[in-house]
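The values are calculated or read from the model by the stated rules, or taken from the named source; none is laboratory data. Bear in mind that the values here come from a model prediction, so they are computed numbers and not experimental data. Cβ coordinates were reconstructed from backbone atoms using ideal geometry, including for glycine residues, and neighbour counts include every protein chain displayed. Keep in mind that these areas ignore ligands, DNA and RNA; they rest on the heavy atoms of the full protein, side chains included. Shrake-Rupley method; radii C 1.70, N 1.55, O 1.52, S 1.80 Å.
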Amino acid sequence: GGREGTGEVVAMTGDGVNDAPALKQAQVGLAMGIRGTDVAKDAADIVLLDDNFASIIQGMEQGRLAAVNLQKSIMYTLCSKIPQVAPTFAELLGVPQALKVTHVLLVDIGTDIVTAIAYALQASEADLMHSVPRPMSERLVGWKVLMYSYGYFGWMQMACCWATFFLVPGIQDLMSVPSEEWTAEEELVDVRGMTAYYWALVAGQLAAAVCTTTKSQSLFSYGLPNGALNVCIVFEVALALAAVYWAPMQGMFQTASLGWQSIALPVGLALVLCLVEEARKAIVRPSGGKPGYEPLSNGG
């Protein structure tokens, strides 16, 4: 219990009757399952079935992985909120409607939910067990998670959405005409603009899905996301293209077919977002590739 009272979690291993008091007092008591006494097992929080200390490290790794993947899933889900609410405030400034509620629901319910769940299958990053333990007082959804989604990536997504929206031919001309005076052709221009904004939002979320698979490790060394997440990404693209070009979905979600420029621009901007993220990760990674924390060291 040398670290008890320092704010760190104290674990104690034991197998005998004499170890029972320490196992009970420790924040995490680990008893041996094979050679441990019944008294020690009753006092412990966890029973190590194979008596292998390496299993303790594996258990710690799985616990960290579950927490980190949940954070990544939340970061991904929250990224889209800034570009989703921005059009509502922009309308107060005379900007034509850029996004409908149906488009938001198509992103949140049609794609984001399943994709967020797929993060549970994500493999760990190389430095998972070399990062300093998260303090007990730190929330899973802390300021870093919120700053990433609401103060960083979400704003880049929003910029990409607006760039795509305002580059739709005729959109800027609508700002000088009240919406109630629009002709049928001008209304179609706004529908195209909203469709372009929606497609850019989907492209931005695809970039977020790829970028948030790691917090600091480069995707060039980490590789592609897990298989389930890859399937979700393909499904997102297919669903979005169907909403843009398939007549039944066009009528349901009030979208219109887009030219190749409006399709290609958000894809290119999504790649730019991924490159910006690679630069951020290069900055936050420990220099020289050395681990910043070694859990098995004496000074750990």
Close pairs (7 angstrom Cβ cut-off, 6 or more residues apart or separate chains): at pLDDT 95 or above in the stretch 140-156, among the small types (Gly, Ala, Ser) anywhere: 153/208
Count of residues meeting criterion [in contact (Cβ under 8 Å) with a residue 24 or more places away in the chain and open to solvent by 80 Å² or more (accessible area, probe 1.4 Å)] in the stretch 103-113: 0
Residue count for the stretch 30-54, restricted to those that are of a type in the set (S, T, N, Q) and loosely packed, with under 15 Cβ neighbours inside 10 Å: 1
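Is one or more of the residues making up the stretch 63-83 farther than 30 Å from residue 234 by Cα, part of a helix (DSSP H, G or I), among the small types (Gly, Ala, Ser) and open to solvent by less than 50 Å² (accessible area, probe 1.4 Å)?
Checking the stretch 63-83: not a single residue is farther than 30 Å from residue 234 by Cα, part of a helix (DSSP H, G or I), among the small types (Gly, Ala, Ser) and open to solvent by less than 50 Å² (accessible area, probe 1.4 Å).
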Residues of the stretch 159-189 satisfying the condition of being assigned to a helix (DSSP H, G or I), open to solvent by less than 40 Å² (accessible area, probe 1.4 Å) and free of Cβ contacts under 8 Å to residues at least 60 places away in the same chain: 189
Pairs with Cβ under 8 Å, 6+ apart, first in the stretch 31-45 and free of Cβ contacts under 8 Å to residues at least 12 places away in the same chain, second of a type in the set (A, V, I, L, M): 41/31; 41/47
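Rundown of residues vs (1) in contact with a Pro (Cβ under 9 Å, 6 or more places away or on another chain); (2) open to solvent by 60 Å² or more (accessible area, probe 1.4 Å); (3) closer than 22 Å to residue 149 by Cβ; (4) at pLDDT 95 or above, yes/no style:
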residue: 213; (1), (2), (3), (4): yes, no, yes, no
residue: 223; (1), (2), (3), (4): no, no, no, no
residue: 236; (1), (2), (3), (4): no, no, yes, no
residue: 253; (1), (2), (3), (4): no, no, no, no
residue: 270; (1), (2), (3), (4): no, no, yes, yes
residue: 293; (1), (2), (3), (4): yes, no, no, no
residue: 296; (1), (2), (3), (4): no, yes, no, no
Hits in the stretch 124-157 - residues which are under 17 Å from residue 75 (Cβ atoms) and outside any helix (DSSP H, G or I): 124, 125, 131, 134, 138, 139, 140, 141, 142
Meets criteria (of a type outside the set (A, V, I, L, M, F, W, C) and under 22 Å from residue 233 (Cβ atoms)) for residue 97: no
Search result, residues across the stretch 84-97 that are assigned to a helix (DSSP H, G or I) and surrounded by fewer than 19 Cβ atoms within 10 Å (Cβ to Cβ): 85, 88, 89, 90, 91
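Yes/no matrix, rows are residues, columns are (1) in contact (Cβ under 8 Å) with a residue 12 or more places away in the chain; (2) in a helix (DSSP H, G or I):
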{"site": "229", "(1), (2)": "yes, yes"}
{"site": "232", "(1), (2)": "yes, yes"}
{"site": "241", "(1), (2)": "no, yes"}
{"site": "257", "(1), (2)": "yes, no"}
